[in-house]
Ligand SMILES: [Zn+2]
C-alpha cells in the first residue's frame with residue numbers, strides 16, 4: 001500500500017476553499033491528518049508548473065520524509081506559496097512550510113525550502 005493509496009483512503013482533497021472539512025493552522029500536539037486538504041483544480045494545475053514536481057519533503061527538526069498525494073504535489077509545483085503549512089508524518093503535526101525542504105524523486109535531499 002503506497003502512501004498515495006493511504007491518502008485516498010483517509011484524507012480527502014477538495015478544490016473548495018469554503019469546504020467545512022478543511023483544517024487550518026498549526027499543531028502544538030500530534031494529530032491525525034485531514035480530513036481534507038485544499039488543492040488547485042485540475043484545470044488550474046494543467047496550466048503548467050513553475051517548480052519541479054516533487055512528491056516528498058523532509059522536516060528539518062526530525063529528519064522524517066513525508067510523501068504527499070499527487071494533486072497536492074502538483075498544486076505546490078503550480079503555485080509554490082499555495083500552502084502556509086504542511087504535515088509531518090514523523091511529528092504528526094501541521095507545521096509552517098518553511099521548516100521543510102524538498103526531496104527529489106530519486107530521494108536526494110535538497111536545500112530548497114518548501115513554499116519558496
Ligand atoms: Zn517532523
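Quick note: the coordinates plus some simple rules give every number you see, no bench work behind them. As the structure is a prediction and not an experimental result, all values here were calculated from the model. With ideal geometry, Cβ positions are generated from the backbone for all residues, glycine too; neighbour counts draw on all protein chains shown.
For the pair residue 16 and residue 60, a Förster radius of 35 Å applied to the C-beta separation gives a FRET efficiency near 0.65, rounded to the nearest 0.05.
Which shape class, rounded, prolate or oblate, goes with the range 31-111 when its Cα gyration tensor gives a ≥ b ≥ c as root eigenvalues, a/c under 1.5 marks rounded, and past that a/b bigger than b/c marks prolate? Because a/c hits 1.5 or more and a/b fails to exceed b/c, the range 31-111 counts as oblate. A simple packing score, the average count of other Cβ atoms within 10 Å per residue, orders the peptides 103-110, 78-85 as 78-85, 103-110, with the highest score first. Spin-label model, residue 51 to residue 109: label points 7 Å out along the Cα-to-beta-carbon direction sit 1.8 nm apart.
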